[in-house]
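The values are calculated or read from the model by the stated rules, or taken from the named source; none is laboratory data. Given the structure is predicted, the values throughout are model-derived calculations rather than measurements. Ideal geometry is used to build each Cβ from the backbone, glycine not excepted, and the neighbour counts take in all protein chains shown.
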Amino acid sequence: MSATANFMDVNDPGMAVITGASSGIGESFARILSSQGFDLVITARRENRLESLASELEEKYSINVKIVPGDLSQTEFMEEFASSIEPIENLDVLVNNAGFGTLENFIGKNSKASAFMKMINLHCGATARLMHAALKPMQKNDRGVIFNISSIASLLLHGSREPMYHSTKAFISAFTEMVQLKLNFIKSKVKLKAICPGNTHTEIFGPTKIATPGKFGGPMTPEEVVHISLDSYKNNDIIVITGDHNIEEVVEWKEINYKKHGRYFSKNFTKSGLYKKL
Ligand SMILES: NC(=O)c1ccc[n+]([C@@H]2O[C@H](COP(=O)([O-])OP(=O)(O)OC[C@H]3O[C@@H](n4cnc5c(N)ncnc54)[C@H](OP(=O)(O)O)[C@@H]3O)[C@@H](O)[C@H]2O)c1
């Protein structure tokens, strides 16, 4: 790969905006996109991490990195950040990656609403607001890609899992697909991807960054997730499940659930024979 080779295969890589770039998958996107010649705007709450990443990447790859520290679950900062990216004329990439998990139990006696509301604001609110902003320059240029970091959780609606994490990720996958279908309708060349990783070694599992394997394999490294994401630019897949082991888990779950009474079919429906046809 020459110094300027990049996943979009363009001669003039533009700007990439990455949320949650202070660690994990977002930091890997920053490292890999800067190595491909993209200038960066990076955001997260931990300013010191952004500062050291920015100076390292600027020196290593002779690109420009702007840091914008802040909390994207707060409406004021979300608006401020969105307004700052809308005027970026050469915006090629948006990575909506900032996210978190919670050990709170939504139906627990002492559970607090604040963690769940923060998750809705960050996973759903910020993702949608920044997509809206980024689509302005991208549609004007008829070029660009938005990677929304969802999860296989968006496709696995287990009763044993945390409902808000899975449901907000389900929003990300569904919304990405709906907006891409709208763009396809007007024959836009802008691409949207809902990236669905399974367990990946990052700080979402704590400072040790050790994720446990899924039922069929894994975990992955953040770099593997980023390479699969960037490779998906070449195809028209919208929901991108990273890795065969994760695909197997989703397929198994869907197969079990489409046959399960009480989830998709009422008794009357199953009597009508529709269940058998499926
Ligand atoms: N690791 C996995 O197994 C896995 C699997 C599927 C999907 N994902 C998704 O991948 C994305 C990245 O997570 P990760 O695994 O790389 O974990 P991570 O290392 O903990 O990274 C999360 C990033 O989000 C930022 N962030 C969190 N809350 C924020 C807020 N309120 N405002 C702004 N930035 C915020 C964090 O930065 P600051 O703390 O500095 O703000 C950090 O940079 C998340 O959306 C996660 O749901 C992860």
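The table for this structure:
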quantity: Long-range neighbours under 9 Å by Cβ, at least six apart or interchain, first residue in contact (Cβ under 8 Å) with a residue 60 or more places away in the chain within the stretch 110-126, second part of a loop (DSSP other than H, G, I, E, B) and of a type outside the set (K, R); calculated: A126/L72; A126/S73; A126/A98
quantity: Out of L57, L40, sole residue that is modelled with pLDDT of 95 or more and under 16 Å from N96 (Cα atoms); calculated: L40
quantity: Residue that is surrounded by fewer than 17 Cβ atoms within 10 Å (Cβ to Cβ) and in a helix (DSSP H, G or I), where the choices are A153, A134, A174, A170; calculated: A174
quantity: Looking only at the stretch 202-218, and only at residues there that are within 7 Å of the ligand (Cβ to nearest atom) and in a loop (DSSP other than H, G, I, E, B), the one that is farthest from A16 (Cα to Cα); calculated: A211
quantity: In the stretch 59-100, residue farthest from the ligand (Cβ to nearest atom) [restricted to those that are among the acidic types (D, E) and touching a Pro at 6+ places or on another chain (Cβ under 8 Å)]; calculated: E89
quantity: Residue match in the stretch 111-122 (condition: exposed (fewer than 14 other Cβ atoms within 10 Å of the Cβ), modelled with pLDDT under 95 and in a loop (DSSP other than H, G, I, E, B)); calculated: yes
quantity: Test for F106: is it closer than 18 Å to A170 by Cβ, of a type outside the set (D, E, K, R), modelled with pLDDT under 95 and away from the ligand (no atom under 12 Å from the Cβ); calculated: yes
quantity: Selected residue (criterion: modelled with the highest pLDDT) from residues of the stretch 226-268 that are more than 17 Å from the chain's Cα centre (by Cα) and small (G, A, S); calculated: G262
quantity: N11 being over 18 Å from V226 (Cβ atoms), surrounded by fewer than 21 Cβ atoms within 10 Å (Cβ to Cβ) and out of contact with any strand residue (DSSP E or B) (no Cβ under 7 Å at 6 or more places or on another chain); calculated: yes
quantity: Pick from the stretch 184-199, criterion within 13 Å of the chain's Cα centre (by Cα) and in a strand (DSSP E or B), ranking: farthest from the ligand (Cβ to nearest atom); calculated: L192
quantity: Those residues of the stretch 37-52 which are under 16 Å from A5 (Cβ atoms) and buried (at least 21 other Cβ atoms within 10 Å of the Cβ), in sequence order; calculated: F38
quantity: K169 being within 8 Å of the ligand (Cβ to nearest atom), of a type outside the set (F, W, Y) and on the phi > 0 side of the Ramachandran plot; calculated: no
